[in-house]
Every structure is written in structure tokens, then in C-alpha cells.
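Have a look at the structure below, then the notes.
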Amino acid sequence: MSMPTAAEPDAVTFQELFLDSTCCCEALFCGSTKLHLGPDEVELEKTICLGCCHEKRKGPYGELGSVETQKVCGIFFGWSANSLMKNPEDVQCIGLGCDKGAVDTIVNELKERQKYRGDRAKVRMAESTLNSLRDLHQKVDRIMDHLGIAPGTEDMSRGGTDMAKSE
């Protein structure tokens, strides 16, 4: 991931990641769960019985909803992302369910991508655009002052009223 610069505060490019999130129970039935983290959206693909049963869910990071590390049966660890799971209460364990580090890695990566692709990121981008527009107006005003050009008058505004009357 490349971090934002001062000029582009929210321009973050994410690398594609392919993560195996297969639970031991799925593996017993020749199944797998793969998580594909793309630059702008995430995809969860589950297969069972060597691909006879196949389910694929995907969506943008900004619409994932809650992404959490969950404890299952008091001793196992898994992750959940509301919009990727078939049921909002579902939890995806990895391996034997004991690798909290792997679960936390997935949760942290999803949350980081949510941060730069969700509603908060859109608000920050809008604020950044407004600040850039203000800077541009100040530069144009300084150029006009330097060239001795007077600021526009009411008649020069868009949708002027005198044009229709003069015809």
C-alpha cells in the first residue's frame, strides 16, 4: 500500500492480496475459502466438495459494514464482515481456529482498506477538493492583480440578463 502524500491526502493504492481463509471443517469436505482483496473491492469465494458447491460474494470496501475479530465457542478465533457473510452472525475461522494473528491480519487489512474507500474517505476527498479550489481562486486573484485586470462585474456573471434584452 502506498500512503497518502500532502498533495493527495487520500490517494492510496492497494496491492491485490489473495488470502486463504479455509477452516479445518471445510478442508474435511474438500472445500476452501479464498479471500481476494482487490484495489477497490473484496471478494469471498467458498467451495465445498471439490467445487460442486460454489458461492461467491463481493462488494466495495465502503459497503462491508462491521469487520471484526470474533471469538467462537470461547476458544476459537474467526473474522466477520457483515456484507460478505451469508448471515450477519456468521464467522469465518482459519485453519483450526487458533491462529488469532492470521485473523487479525485479515481484519486489519479490511479495516485499512475501508478507511480509504468508505464514506469517511469520500468526506476527506471532498474537503481536500474544496481546499484545492480555494487555493486556485487565490492564485487566479493574484494573477489578475499582477496583470491589472479588474475583477468581474455583475453583468459578466453566468446567466447575465442583458443579453436577451439587447436582441
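Structure data summary
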{"quantity": "Karplus 3J(HN,Hα) series, Hz, for region 131-140 with 6.51 cos²θ - 1.76 cosθ + 1.60 (x for Gly, Pro)", "calculated": "5, 5, 5, 4, 4, 5, 4, 5, 5, 5"}
{"quantity": "Net length gained if the chain between Met125 and Cys52 were fully extended (0.36 nm per residue, minus Cα distance)", "calculated": "21.9 nm"}
{"quantity": "Computed label-point distance, nm, for sites Val140 and Ala27 using a 7 Å Cα→Cβ extension", "calculated": "6.2"}
{"quantity": "Per-selection Rg to Rh, region 17-119 - Cα, Kirkwood hydrodynamic radius", "calculated": "0.95"}
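Here, each number is a calculation from the coordinates, and none is a lab measurement. Because the structure is a prediction, the values reported are computed rather than measured. Reconstructed Cβ throughout: ideal geometry from the backbone, glycine too, with neighbour counts over all protein chains shown.
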